[in-house]
Amino acid sequence: MNPVQKIFKNPKEFFDSIKTILIAVFVALVFRYSVAAPYKIPTGSMIPTLKIGDFIFVSKLSYGIKLPFTNYNIITHDTPKRGEVIVFVYPENKDLDFIKRVVGVAGDEVELRNDLLFINGKLMPRVREDDRSPVEDVTPASVREAAQLYTEDLDGKKHLVMELFPFPENYGPVKVPKGHLLVMGDNRDNSKDGRVWGFLPVENVRGRALFVWLSLDTERWRVRWNRFGKKVL
């Protein structure tokens, strides 16, 4: 008896199998849209924290419980904090998701003064880093050689930032309106972020970046094994 004859001889078994598969697919989709989802990093705007080719898990439950297959929170139990790395719907193109770091929440006055970040008039201190390993595989070489690394302390949340240009940047001061966030990339001189397109509505937030689960260096056709399981700080 061939497989086709067997299927039609046992239609109940066949349809039970189809039902099981459909349920499994539905559960997987609900998990992706409401609990956690994988994302790939396509650009260098978050170097050195996240590199091109990193695959990360994003928690959809960090700030609320979402209606399946939407970005709408049925229940909101928290909001993004300064220093957290979030994935969100890009305000200027709803078909795109961006990832950046929160530098200002509602009511904050944010300013960049000669590249130094000030929140509500308070300097967020930073220290120059001599360790070049976080950018050792960044391409092209001209970017790698120009990169200056700093550890920035954003209200107790320490993370790396990178600068490429020798001339300092000034931005603001701006006040973050209610229901919005101000986000920036850790690659401060090469990031299209809130300094360009403005404030991010909180309802655009998809979730918080948790950790890297896979990292592929497509320039050199290799796996970055040392990045597996790396927490997004």
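The values are calculated or read from the model by the stated rules, or taken from the named source; none is laboratory data. Predicted model, so just to flag it, every value in this text is computed and none were measured. Note: ideal-geometry Cβ built from the backbone for every residue, glycine included; neighbour counts use all protein chains shown. Keep in mind that these areas ignore ligands, DNA and RNA; they rest on the heavy atoms of the full protein, side chains included. Shrake-Rupley method; radii C 1.70, N 1.55, O 1.52, S 1.80 Å.
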**Prompt:** Taking N as the number of residues in the stretch 127-181, what value does Rg over Cα atoms divided by 2.2 N^0.38 Å take?
**Reply:** 1.44
**Asked** Rounded to the nearest 0.05, what FRET efficiency do GLU219 and LYS157 have when you use their Cβ-Cβ distance and R0 = 30 Å?
**Response** 0.50
**Message:** When a/c reaches 1.5 or more, the comparison of a/b and b/c decides; with that in mind, is the stretch 80-155 rounded, prolate or oblate per its Cα gyration tensor?
**Reply:** oblate
**Request:** Please report the orientation-averaged projected area of the stretch 60-193, defined via the convex hull of its C-alpha atoms, in nm².
**Result:** 9.6
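Normalized C-alpha radius of gyration of the stretch 48-89, against 2.2 N^0.38 Å?
Relative to the rule-of-thumb radius for its length, the stretch 48-89 sits at 1.34.
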**Complete:** Of every hundred units of 1.4 Å-probe accessible area on the stretch 53-117, the number belonging to carbon and sulfur atoms, as a percent, is 56
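Which percent of the accessible area of the stretch 143-220 is formed by carbon and sulfur heavy atoms (probe 1.4 angstrom)?
So the carbon and sulfur contribution to the accessible surface is 55 percent.
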**Asked** How much length, in nm to one decimal, is gained on full extension between ASP78 and ASN190, taken as 0.36 nm per residue of separation minus their Cα-Cα distance?
**Response** 37.3 nm
**Inter-part distance where the stretch 139-190 and the stretch 101-134 are each reduced to a Cα centre, Å** = 7
**Asked** Just the accessible area per residue of the stretch 121-233, please: how many Å² with a 1.4 Å probe?
**Response** 55
